[in-house]
Structure formats: structure tokens, C-alpha cells
Amino acid sequence: KTGYAVHISRLSKSGRYLYVIGRDARLNLIDLWLPTPDNVAEVKVGLEARSVETSKYKGFEDKIAVAGTYWPPQFVIMDGDTLKPRKVVSTRGMTVDNEYHPEPRVASIVASHYRPEFVINAKETGKILVVNYKDLTNLKITSINAAQFLHDGGMDSTGRYFMVAANQSNKISVIDAKDGKLAALVD
């Protein structure tokens, strides 16, 4: 049993855990290695959500999870094996056109295999946040301007390039996860 209208599921690096998030922002951690797979942790990260991811970088496998919410506009970093919240970060801020946006929702999230980082889309702002989780006390976030209304995205087959549709701008933003920069903004 999981949250309402499950939006996405992510498998942990080891293949042991399945992270499932419903649109009601209920996040479930399912241990697939139990004799009968079952929920081993659950947390509500907000009121409405769409995305979840787990750490994949060497040395951090399955240790950190992140969930992004539509409301409130934020992402929550948690312990990967218990879902204990460690950090809550607001996505409110300026758009790529220098307008303030009070409610930029978090759309898709992916994990880098090149660094201990998550790539997080702040939908309405058009900004892609590269969040380094190596030091949660002194969280380092790099903001990359892309195009407004970022939505769903994923890694290419090499795992190097993250591509995300900015549906209202009619653009596809491409982030180079190895270099941590915008590689292209394609019509």
C-alpha cells in the first residue's frame, strides 16, 4: 500500500529498495529483499508531490533520498534507509527572466553518477538545481538557468546528460552531469 495516485517509483542503486511517491506526497520505502517485499518506512513530505530519487554516487549508494513537492514548493533530503528528514529546502525565487515566483514546483529529479549530486528542476523558475549532498550541514546548490516550466526529464543512455522538457517554452534543456553545466538549450 502506497500513496494516492503514485507518480513515480525509483529503484535504489543496490536494487534493494524501491522509493514510491504518490501525488499526496506520501513517500514509501519498500524493501524488495524481504521474503515478501513490504514497506519499511513512510513519510509525508508535503501536501502534493511528483518526484523522488536516491543517491547513486560511489560511496553514497542508497544513503540519501530526496523528494520534491509541488506544495509547498520545496525538496526534502532524507536518510535513504529510514526516510528521516535531514534538510528541507525551499525552491521559491527568481525565474530565468528575473521575475519573482512564490510557488515554483519541483518536477523531475535524477541522481548523478559523477558526483554526490541530485539534479532538481524548479519548474516555473526555469532553473535546474544541482544539489551536492556530500555535506548536508553546508549544502551546496548550484543554480543553472535553463527555460521556464521545466517538467519531466531523465538521463540519456550514457548517464552523462540529463535532458528535461520545458513545455511552455518549447525547449529541451540538456545538463552535462560530468561538467555540471548547461550543455544545450534545444528548440
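A few comments on the model shown:
- Cβ-Cβ under 6 Å pairs, at least 6 apart or on other chains, region 37-60 side farther than 27 Å from GLU103 by Cβ, far side among the aromatic types (Phe, Trp, Tyr) and surrounded by fewer than 18 Cβ atoms within 10 Å (Cβ to Cβ): none
- Qualifying residue in region 148-156 (condition: assigned to a strand (DSSP E or B), without any contact (Cβ under 8 Å) to a residue 60 or more places away in the chain, in contact with a His (Cβ under 6 Å, 6 or more places away or on another chain) and within 24 Å of VAL43 (Cβ to Cβ)): no
- Residue match in region 159-166 (condition: in contact (Cβ under 8 Å) with a residue 12 or more places away in the chain, of a type in the set (Lys, Arg) and either surrounded by 14 or more Cβ atoms within 10 Å (Cβ to Cβ) or closer than 21 Å to VAL66 by Cβ (or both)): yes
- Qualifying residues in region 167-187 (those that are touching a residue at least 40 places away in the same chain (Cβ under 8 Å) and surrounded by fewer than 16 Cβ atoms within 10 Å (Cβ to Cβ)) - the one farthest from THR91 (Cα to Cα): LYS178
- Just so you know, in region 33-46 the residues that are over 22 Å from the mean Cα position of the chain (by Cα) and assigned to a loop (DSSP other than H, G, I, E, B) include one that is surrounded by the most Cβ atoms within 10 Å (Cβ to Cβ), and it is PRO37.
- For region 48-61, a tally of residues being assigned to a strand (DSSP E or B) and under 16 Å from LEU29 (Cα atoms) returns 6.
- Matching residues, region 58-71, being open to solvent by 30 Å² or more (accessible area, probe 1.4 Å) and in contact with an Asp or Glu (Cβ under 8 Å, 6 or more places away or on another chain): LYS63, TRP71
The values are calculated or read from the model by the stated rules, or taken from the named source; none is laboratory data. Keep in mind the model is a prediction, meaning the values are calculated, not measured. With ideal geometry, Cβ positions are generated from the backbone for all residues, glycine too; neighbour counts draw on all protein chains shown. Surface accessibility is based on the protein's heavy atoms, side chains included, excluding ligands, DNA and RNA. Shrake-Rupley method; radii C 1.70, N 1.55, O 1.52, S 1.80 Å.
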